[in-house]
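S.K.: Questions regarding the structure given below will be posed in turn.
The values are calculated or read from the model by the stated rules, or taken from the named source; none is laboratory data. Source: prediction; values computed, not measured. Cβ placement follows ideal geometry from the backbone for every residue including glycine, while neighbour counts extend to all protein chains displayed.
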Amino acid sequence: MTAHAPFHATESTTTTYWYDGRLVDQSAIVIDPFAHALHYGSGVFEGIRSYETPRGPGVFRLREHVERLLESAAAYGLDVPQSVDELCRATVETVRASGHESTYIRPLIFFGEGKFALAPRFQKNATHVMIAVRGFSGTIAPGGATGCRLTISPVMKTPSRALPSTVKGNGHYTNSILALHDAMDRGFDEALLLNERGNVAEGTGENIFLVKDGRLHTNPLEEDVLNGITRRSTITLAKDRGIAVEIAPISTAQLLAADEVFLTGTAAELVSVACVDEHRYPAARPITEALHAAYRTATRGGDPRHADWVTYV
Ligand SMILES: Cc1ncc(COP(=O)(O)O)c(C=O)c1O
């Protein structure tokens, strides 16, 4: 088996930074080695993309990403000086300054210097806000063109009553790292985590969908999954095309009985799943392919029903 490999992605080696209110050179960013987030994961982040469009660079679903970022920040008591509008404007400014059309955008809000005890909100550690932009095109799709080889992970998805799955917290990702390292050690491309009830939760960085008898299925947020923005877009694009969408818990038996399975995420877009452990899916994936084509069109500003999904730079 081949290793977990990015599929025709190109990434710039330089990064453009906006930090605490303005565009800065990387050398101007000084992070204390005792930054709280570095030790305890007490930060939140986003992954956003801009695409090349006929009207220049367009950021896909910028407002939704910034809203989720600020909701995540609120969950940890990070006091963010900027509003949603201000962070949207700062993102556009940073993409423009990068000089790239097609980019990966990484906003990060974290507790920085101050005391090392475990109540950064009460002990008033500094809060920092960063937006980093790199040129990026293609997709980071586990498995590449032939489809992703998924394995059911022995690592359980952290229950939301331990770490709320709708919060995109830095520390939450140690759960994904354990699961992905284990999957890669065993020669798979990606791990599928089950929740504490033994139902399907999600991939290490993607939501999951399955197709059965022409209907699309995904699980609800109560199943310990991120409220993925690609997930939301996929549901809307399916409904636009008259495809019925059912949102209900998914058992491993339903997963194995599916006609098609795919993962969704900003970096991955829609990734077809070739197999789950020893179980292989049919090579024909008509609904996955139709929805991925629809998603590609929408991200490039080509879907008039969803023109408001793209913010031009
Ligand atoms: C755990 C997890 N689930 C799902 C997703 C997909 O979310 P989105 O479509 O908003 O990128 C991501 C990626 O951010 C993720 O990290």
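S.K.: Show the residue pairs meeting these rules: Cβ distance below 6 Å; 6+ apart or different chains; first residue within segment 65-80 and closer than 14 Å to F111 by Cα; second residue modelled with pLDDT of 95 or more and assigned to a loop (DSSP other than H, G, I, E, B).
M.R.: Once the first residue is closer than 14 Å to F111 by Cα and sits in segment 65-80, its partners that are modelled with pLDDT of 95 or more and assigned to a loop (DSSP other than H, G, I, E, B) give S72/V167; S72/K168; A73/V80; A75/V167; G77/R121.
S.K.: Do you know which residues across segment 208-259 are of a type in the set (D, E) and either touching a helix residue (DSSP H, G or I) at 6+ places or on another chain (Cβ under 9 Å) or more than 22 Å from E190 (Cα to Cα) (or both)?
M.R.: Hits for segment 208-259 are D213, E222, D240, E246, D259.
S.K.: Ok, one more. Can you spot a residue in segment 198-206 that is at pLDDT 95 or above, over 19 Å from F45 (Cβ atoms) and not in a loop (DSSP other than H, G, I, E, B)?
M.R.: Scanning segment 198-206 turns up at least one residue that is at pLDDT 95 or above, over 19 Å from F45 (Cβ atoms) and not in a loop (DSSP other than H, G, I, E, B).
S.K.: Within segment 225-266, how many residues are more than 15 Å from the ligand (Cβ to nearest atom), crowded, with 21+ Cβ neighbours inside 10 Å and within 19 Å of S165 (Cα to Cα)?
M.R.: Selection size over segment 225-266: 0.
S.K.: Here's a check for you: in segment 189-200, which residue that is within 20 Å of the chain's Cα centre (by Cα) and not polar (S, T, N, Q) is farthest from the ligand (Cβ to nearest atom)?
M.R.: The residue in question is D189.
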